[in-house]
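Here's the structure, in structure tokens; my notes come after.
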Amino acid sequence: MSIEIINQKKTHVGSPLRLKFLGFTLGVSKGKAYARPHKVAKERIKQALKLITKRNRGVSLDTVLKEIKRKMRGWLRYYSIGRMKGFLKAHSNLTIFVLNDQF
């Protein structure tokens, strides 16, 4: 008798272009595959930023800006290997704020 421990929620078989792994998904352009952040990862960062920038938090602007900078810096560093030009253009106001201090 063998015991198989498989998490059915996490185990999938299918096209690599449709699967999520460590927050990334694969895309194909001109016959080459590339990594990009999965849509769930993008939604999570947007939700986190909404919570940070909520008006009724009662914290100073400096605190809010530091939290945004810390959150975006970590996210950008983790997902920097992926292609995310379109996502960053759509959210350029926060990205520029973070990158100005980074370089």
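The values are calculated or read from the model by the stated rules, or taken from the named source; none is laboratory data. Source: prediction; values computed, not measured. All Cβ positions, even for glycine, are placed from backbone atoms using ideal geometry, and neighbour counts span all protein chains on display. Note: accessible area is taken over every heavy atom of the protein model, side chains too, but ligands, DNA and RNA are not part of it. Shrake-Rupley method; radii C 1.70, N 1.55, O 1.52, S 1.80 Å.
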Relative intensity, log₁₀ I(q)/I(0), of the chain from a Debye sum that treats every alpha carbon as a point, q = 0.11, 0.15, 0.20, 0.22 Å⁻¹: -0.47, -0.74, -1.06, -1.19
For the chain, the longest site-free run once trypsin sites (Lys or Arg not before Pro) in DSSP loop states with at most 10 other Cβ atoms within 10 Å are removed: 31-103
Gaussian network model of the chain, Cα within-10 Å springs - most flexible of HIS38, HIS12, HIS91: HIS12
Efficiency of FRET between LYS30 and ARG77 - r from beta-carbon atoms, R0 35 angstrom, step 0.05: 0.80
Where GluC sites (Glu not before Pro) fall in DSSP loop in region 1-85, at most 16 other Cβ within 10 Å: GLU4
Per residue accessible area of the chain, 1.4 Å probe, in Å²: 82
